[in-house]
1. List, in the order given, every pair from Lys281/Lys367; Lys194/Lys301; Lys184/Lys357; Lys184/Lys346 whose Cα-Cα distance in the structure shown is over 22 Å.
2. Run through the stretch 1-106 and list the GluC sites (Glu not before Pro) located in a DSSP loop whose Cβ has at most 13 other Cβ atoms within 10 Å.
3. Please report the projected area of the stretch 347-452's Cα convex hull averaged over all directions, in nm².
4. Within the stretch 108-194, list the trypsin sites (Lys or Arg not before Pro) lying in a DSSP loop whose Cβ has at most 12 other Cβ atoms in a 10 Å radius.
5. Suppose only helical runs count, i.e. DSSP H with n ≥ 4. What mean residue ellipticity at 222 nm does that imply for the chain under -39500 (n - 2.57) per run, divided by all residues and rounded to the nearest 500 deg cm²/dmol?
6. For Val24, enumerate residues with amide H under 5 Å from its amide H, sequence gap 5+ or separate chain, H modeled in the peptide plane.
7. Identify, among Asn250, Ala440, Phe344, the residue whose Cα sits farthest towards the positive end of the charge dipole of the chain, taking +1 on the Cβ of Lys and Arg and -1 on the Cβ of Asp and Glu, with the dipole about the Cα centre.
8. Which net charge results for the neighbourhood of Ile266, defined as the other residues with beta-carbon distances under 12 angstrom from its beta-carbon, given Lys and Arg at +1 and Asp and Glu at -1?
Amino acid sequence: MLSSRKRELNVLTQVFNKEENEAVILYGAYGLGKTRIVREFCKDKRAFYYMAKQASELQQKIFFEAEAKSQFDVDIISNEYTDVINGVVKADPQKLVLVIDEFQYIAKKDESFMKAVVDALKSSSDKIMVILVCSQIGWIGSELPNILKNNSQNKIFHAHRVNEIGFVDLVQTLERYDTRECVKIYGIIGGIPKYLDRWNKSRTVKDNVCKLILSPNGTLYNEVDRIIGSELREQAVYSTILYALATGKNKLNDLFAYTGFSRAKISVYINNLIDLDIVEKVDSYETAGHVNTKKGVYQIKNTLVNFYYRFIYANQSALNLLSETDFYDMYVEPELNEYLDRYFVKVCQEYLLLLSKIGRLPLKITKIGSWVGKQGNIDIIASDDSGNAIIGLCRWKDRTVTYSMCLDLFDLMGQAKISADYYYLFSSRAFDEKLKKEAAKEPRIILVDISSL
């Protein structure tokens, strides 16, 4: 089990071990392995698992009752949720874990379901833990609070978000690849366990992209259409905005000028994409240099969506005409290193956080981020509670990190009005001799090559 998923198991275990009956709402985007986490948790426990369907209220109840009878030898009075749950709970004194996967398909249509769950949790005589799994992030934030509007209900429901796995877990999953190849994979499919399961570890990165994403027979070929189309209408509008973001038009005014849509319309659509975890607003690390900070910046958060709109969306005609390998060579390879710069910064940030956690940094990081300036960005600013700071420079596409790049960094620090106690300079390839000599004289400058990651 990956280290990031052990945290989820610990959360579930803590709730299970409580004397009180409580519930966990386990939510996160499709493909993150939520069901796998639940399956692992329930291995040694008495559990009832039901996968909710897109069905009418009556049909859902019929399925629910049938599943209970299939998994347990119990007599059930009716297919009402209360009767089914009570029948399973009371059949055995051992504590029951009730798991409803994609529970929103029931809760959206049938108020009696959540009432039955709450009644079961409030029972003083029966021992039950409920796990409600959901892949619709927007619904969790916008509609579920209205369903759980009673304060007493809120106290027995614990929401826990499942995120993508980090780079360290990805490297452990893809053991045969070197660090450089792992960064490429991280920037193409992100930390989605379901996508990593489909990645053929005996093939090159290029071969996998061609087979999985570019080939009409690939399992990820239509994945972005599924992500966008499963919950959003007017896909043409969303695709236009996403393409603009993927090609560097990341402010509201840029999007307005490029798309021709009104600012109000763009704001609504951007917020919808944020609710679905597809887009994020980039919050710059707060410094005294407010006047030089670039505000209101957006970027595509979902890695596969970003890759698709950067390399494939506008070039679909060529993809239909060329072989997958020729398309990769012509449209992906030439710009891939520039595209990966952003993901290399993420990897370097995770590296610093890991070193801080195990006590191998000169300070304990309590805040980390990037400064987004009008004339350039500072890749990493990390600080402790006392205000001591690490400034990080991360270069992926450049063959060599040079001393002149550090001078440019110092200029940006002046614009941001921030100083540094330590400098961590990351390179995917090499450092020039002048920079090496400066680092040898100055212990506050640490050079980190990709093999260290």
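Here, each number is a calculation from the coordinates, and none is a lab measurement. Worth saying up front: this structure is predicted, and the values here are computed from it rather than measured. Counting neighbours? That spans all protein chains shown, and the Cβs are built from the backbone with ideal geometry, glycine included.
1. Violating the 22 Å Cα-Cα cut-off are Lys184/Lys357.
2. Glu19, Glu20
3. Over every viewing direction, the Cα hull of the stretch 347-452 projects on average to 6.5 nm².
4. Lys149, Lys155, Arg176
5. -13500 deg cm²/dmol
6. The answer is Val130, Ile131, Leu132, His158.
7. Going by the Cα projections, it comes out as Ala440.
8. Neighbourhood net charge equals +3.
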